[in-house]
Structure formats: C-alpha cells, structure tokens
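*Asks:* Have a look at this one before I ask anything.
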Amino acid sequence: MRYKAIFFDRDNTLTYFNPEKKEWMNRVVSSWSGKPPELPYEKTMQLFAQAAEGRTPWYRNLEDEREFFRRYYEYLLIGEGVTERIGERAELLFREMWCNNDRLLFPETVEVLEYFAGHGYKMGVISDTSPSLEYTLQQLGVARYFSSFTASSLVGAGKPSPIIYNAALDSLGVTAEESIYVDDYAPEADGARELGFTSFLIDRTGESDDRWTITSLKDLIRFVENEEQLNPYGNGMLVYVRGGEPCLSE
C-alpha cells in the first residue's frame with residue numbers, strides 16, 4: 001500500500017455549519033436589537049480581536065475558548081445596538097451556538113471514514129480552528145476514527161504554513177509522500193501538495209475540472225482503489241481523479 005495516512009480538513013470538508021443555528025441566532029438577535037444583524041467576515045474578525053482583549057494566543061484550551069466566546073457574544077450584542085441584559089443574553093447565545101449541534105456531517109462522511117479505517121489507514125484532522133476541534137468531532141460521533149487532531153490555535157500556525165502540516169505528520173509518524181490530504185480551500189490544498197502530500201481540493205459544486213479537484217469524499221476511495229490496482233508496486237505512476245474518472249500520469 002503506497003499511502004499510510006489520510007488527513008482531512010474539518011469545516012466544509014467533513015462537516016458543514018448547521019444553517020438552522022444561524023437562522024435562530026439572527027432571529028433572536030434581531031428581536032433584541034430591532035434590526036437584522038449584519039456580520040460580514042471583516043466584522044466577525046473585528047469581534048474576534050475585541051474578544052481576545054489583547055491575549056495572544058486567543059485560547060490555549062477549552063476553558064479559554066469558552067470564555068473567549070462568551071466575550072465574543074457580548075461584543076456582538078453591543079455592536080448590534082443591544083443595550084439591556086447583555087451578559088444574560090450573551091450567555092444564551094453561547095450555550096446555543098458553541099459546540100451545540102452547530103455542525104453537521106456531510107452524507108458521505110461516515111462511509112468514507114469507515115472505508116479508510118477498515119483499510120488500515122492512519123487518520124488525522126488538520127484545521128485552522130480552536131482547541132475544541134476534537135470535542136466537536138466527538139459530539140458528531142466521528143472522533144474515534146482519528147488518531148490526531150491538529151488545530152492551528154494549538155500549533156501556533158495556520159494553513160498553508162508547513163508548520164501545521166508537519167505537526168500533523170509528526171503526530172502520526174508518517175511522511176508527506178505517504179499521505180493524502182483533502183481541503184475545501186485551494187491555497188490550503190495547494191500548500192499540502194507543495195510539501196509532498198497527494199492533496200485534493202473538494203469542490204462539491206462540480207464547477208472545477210482541475211485534476212486535483214474532487215466533488216465528493218467518495219472520490220478518495222476511487223482514487224486509492226485505482227491507484228492500488230494500476231500501481232501495485234509504487235513505481236511512481238499516479239491516478240488522478242477528474243470528474244470521478246481515473247487517468248494516469250507518469
């Protein structure tokens with residue numbers, strides 16, 4: 001077997017954000033502020049900086065993270081013009097939104113994890129996220145498939161820095177050349193590939209026909225099965241997945 005390990009990004013690769021949670025928060029905050037909340041990416045990052053209150057890193061463990069998000073929701077409410085019962089309402093948002101059914105698994109996730117676990121692969125998650133990485137996957141019932149959880153907040157570097165990929169490799173005792181990686185963000189998939197991973201971008205829209213792009217996690221199964229069938233001796237031939245069909249490259 002050419003590959004010994006497979007690593008996954010978490011958000012929008014294994015999981016996606018529960019849209020009902022966002023709808024609930026928008027509805028509740030709107031009822032308190034009298035207007036629809038506006039939270040573009042830039043504003044969210046500003047709120048994160050406020051919640052950090054000068055701390056670097058923002059959090060080192062789960063308790064740090066809990067307190068960070070309690071502050072985050074307080075600043076969010078203040079920014080939306082809420083003036084009454086800030087602490088009480090921020091606590092409600094925290095309890096409902098932090099690690100409480102906020103992520104869901106893509107339909108094929110468990111099947112794919114079962115396949116790789118059953119075929120002897122070491123498995124890890126690499127994510128630009130907080131210390132709750134393992135905890136969130138425990139809640140979803142899939143943490144048991146993984147032997148390592150590499151979070152940028154704990155490593156001190158995010159993707160596509162080689163630091164975080166190397167930390168993940170070291171955690172499983174494998175090399176990049178022995179590993180597969182999949183991510184929904186092209187610069188991060190590319191960063192892993194530049195380090196030596198066989199790395200794929202997952203784009204469920206099907207809009208890209210790049211040879212390193214897949215449309216479902218199930219394409220990874222087709223990739224390794226075709227690679228093993230066509231390249232049983234590890235002689236440098238690779239099978240790329242393009243639209244679900246294998247093709248050879250020297």
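The numbers here are math on the coordinates, done by the rules we state, and not lab data. Note that the structure is predicted; figures quoted are calculated from it, not measured. Counting neighbours? That spans all protein chains shown, and the Cβs are built from the backbone with ideal geometry, glycine included.
*Asks:* Before anything else, pin down the relative contact order of the chain: Cα pairs under 8 Å, at least 6 apart, normalised by residue count, whole percent. Don't skip to the answer; put the middle values down first.
*Replies:* Values: 380 pairs, mean separation 51.3, N = 250.
Relative CO of the chain lands at 21 percent.
*Asks:* Could you state the angle between the C-alpha long axis of helix 218-230 and the longest principal axis of the C-alpha atoms of the chain, as a value from 0 to 90 degrees rounded to the nearest 10?
*Replies:* Relative to the chain, helix 218-230 is tipped by roughly 20 degrees.
*Asks:* Right, next: Over segment 19-97, what portion of Cα pair distances is larger than 22 Å, expressed as a whole percent? Working shown, then result.
*Replies:* Numbers: 605 of 3081 pairs.
Percent of Cα pairs beyond 22 Å in segment 19-97: 20.
*Asks:* For segment 131-184 and segment 14-74, write down the distance between their C-alpha centroids in whole Å.
*Replies:* Distance between centres, Cα-based: 24 Å.
*Asks:* Decide, for segment 134-174, between rounded, prolate and oblate: order the square roots of the alpha carbon gyration tensor eigenvalues as a ≥ b ≥ c, take rounded if a/c falls under 1.5, and otherwise choose prolate if a/b is larger than b/c, else oblate. Numbers along the way, then the final one.
*Replies:* Values: a/c = 3.15, a/b = 1.60, b/c = 1.97.
Cα axes put segment 134-174 in the oblate bin.
*Asks:* To the nearest 10 degrees, how steep is helix 109-118 against the longest Cα principal axis of the chain, on a 0 to 90 scale?
*Replies:* Approximately 40 degrees, to the nearest ten.
*Asks:* May I pose another question? With +1 on the Cβ of every Lys and Arg and -1 on the Cβ of every Asp and Glu, and nothing else charged, how large is the dipole of the chain about its Cα centre, in debye rounded to the nearest 20? Provide the component values of the computation, followed by the final result.
*Replies:* Values: 26 positive and 41 negative charges, 115 e Å.
Its charge dipole is roughly 560 debye.
*Asks:* Tilt of helix 86-97 relative to the longest C-alpha principal axis of the chain, in degrees (0 to 90, nearest 10)?
*Replies:* Rounded to the nearest ten degrees, it is 20.
*Asks:* If you take the square roots of the eigenvalues of the alpha-carbon gyration tensor of the chain and sort them as a ≥ b ≥ c, do you get rounded (a/c under 1.5), prolate (a/b over b/c) or oblate? Write down the numbers at each step before the final one.
*Replies:* Details: a/c = 2.45, a/b = 2.06, b/c = 1.19.
Judged from the Cα gyration tensor, the chain comes out prolate (a/c at least 1.5, a/b above b/c).
*Asks:* Among 201, 69, 150, whose Cα sits farthest toward the positive end of the charge dipole of the chain (+1 at Cβ of Lys/Arg, -1 at Cβ of Asp/Glu, about the Cα centre)?
*Replies:* 69
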